[in-house]
Amino acid sequence: MAIVAISCQPGEIDAITQALIDDPYAVTVEQTTGACDLLVTVWTAGIGQLPEYLMSRLANLPGVTATRTTLVTDVFKTGSDWRVGQLPPEAVKRLQREAIVARADGDGGLAADDHALVVALARDGRASYADLAEQIGVSVATARRRVAKIFRSGAITIRCDLARYLAGNPIPVTIWADVPPAQLAAVAAAVAKLSDVRLCAAVAGTQNLLITAWLSSLPDLQRLETSLCSRVPGLAIAERAIVLRHHKLMGRVLDDQGRSVRSVDMGFWGGPA
């Protein structure tokens, strides 16, 4: 996983965004303020594919003037861990009892013959076992067994996102911060507990900590930064980017209200073309 900041020639942002919308490696595409015009979350099957993707794909897009890549080295919180806090406690307990992911006990491995199944699940997390079986050409019983196995392995997890404008969190921000290396794990764990934070990751770049939060208003950004600096000694904020629009989020193309329009398959195992 890498976060790529892209600078564009004036007037070329829309064209570059459209070029990235159907790219399976660019799982999230955001238009931002700050030092870059676009912020792209890139997934590849391994570190060896990333230089090829950056040089043969991103750098060759007309209108791209510069890119800056930050590699994610460890993740302390993701969008799958973020909670809105609207379910009553009894509903949360029931979901925890019934969810397959709550019983994950494997090493996170994913077999090559499961790739098509994972892509189908990412396309429609509500698909029935019969639908999945038809898509990948197996029996319903086999589809059910393989889905359960993948969830138990910890290779995939369930995530539910909201249209941020309609859900009361219209201001996503990404913050790059510096933390003394010896304190990084402890600081990241503390940041991950903040309710507004959706992503907290250790990164290899000019800074070593990356934080993404969804906020209800612009003044909340100053409050968040003040809280981070006061509650987490040793943290120094180096840069921030406010997201003006999510064009794509985890494989979902979004409209201007943040609602899903369609899905782009996140099948990135074949190597970037």
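General remarks:
- Overall dimensions of the chain as given by Cα atoms, namely Rg and Dmax in Å: 19.2, 56
- For a modelled paramagnetic label at R262, 7 Å from Cα along Cα-to-Cβ, the residues of region 18-35 in reach, with backbone nitrogen under 14 Å, are 18-24.
- For K193, the lysines whose Cα comes closer than 20 Å to its Cα, not counting residues fewer than 8 places off in the same chain, are K77, K93.
- Region 192-197 - phi-based ³J(HN,Hα) in whole Hz, Karplus 6.51/-1.76/1.60, Gly and Pro as x: 4, 7, 5, 5, 6, 7
- Mean-position separation - Cα centroids, region 135-160 and region 199-273, in angstrom: 28
- Taken about its Cα centre, the chain carries a charge dipole of about 900 debye when Lys and Arg each add +1 at the Cβ and Asp and Glu each add -1 at the Cβ.
- Phi angles across region 254-268 convert, under the Karplus curve 6.51 cos²θ - 1.76 cosθ + 1.60 with θ = phi - 60°, into 3J(HN,Hα) values of 10, 7, 6, 9, x, 8, 5, 9, 6, 10, 10, 4, 9, x, 10 Hz, Gly and Pro given as x.
- Each of G11, L87, V29 was placed along the dipole of region 5-124 (beta-carbon charges, centred on the mean Cα), and the one lying farthest toward the positive end is L87.
- Charge tally in the Cβ shell below 15 Å around D81, where Lys, Arg are +1 and Asp, Glu are -1, D81 excluded: +2
- Amide H to amide H distances under 5 Å link L254 with K248, L249, V261, where only residues 5 or more positions off or on other chains count and H is placed in the peptide plane.
- For K193, neighbours were defined as the other residues whose beta-carbon sits under 14 Å from its Cβ, and their charges (Lys and Arg +1, Asp and Glu -1) total +2.
- Derived scalar couplings ³J(HN,Hα) [region 11-20; Karplus, 6.51 cos²θ - 1.76 cosθ + 1.60; whole Hz; x for Gly, Pro]: x, 9, 4, 4, 5, 5, 4, 5, 5, 8
- Partners of K248 within straight-line reach, counting aspartates and glutamates whose Cα lies under 15 Å from its Cα and excluding those fewer than 8 residues away in the same chain: D14, D22, D23, E30, D37, D161, D256, D265.
Every number in this text was worked out from the coordinates using simple rules, so none of it is lab data. Please read these numbers as outputs of a predicted model, since none were measured by experiment. Methodologically, a virtual Cβ is constructed for each residue, glycine included, from the backbone with ideal geometry; neighbour enumeration extends over all protein chains shown.
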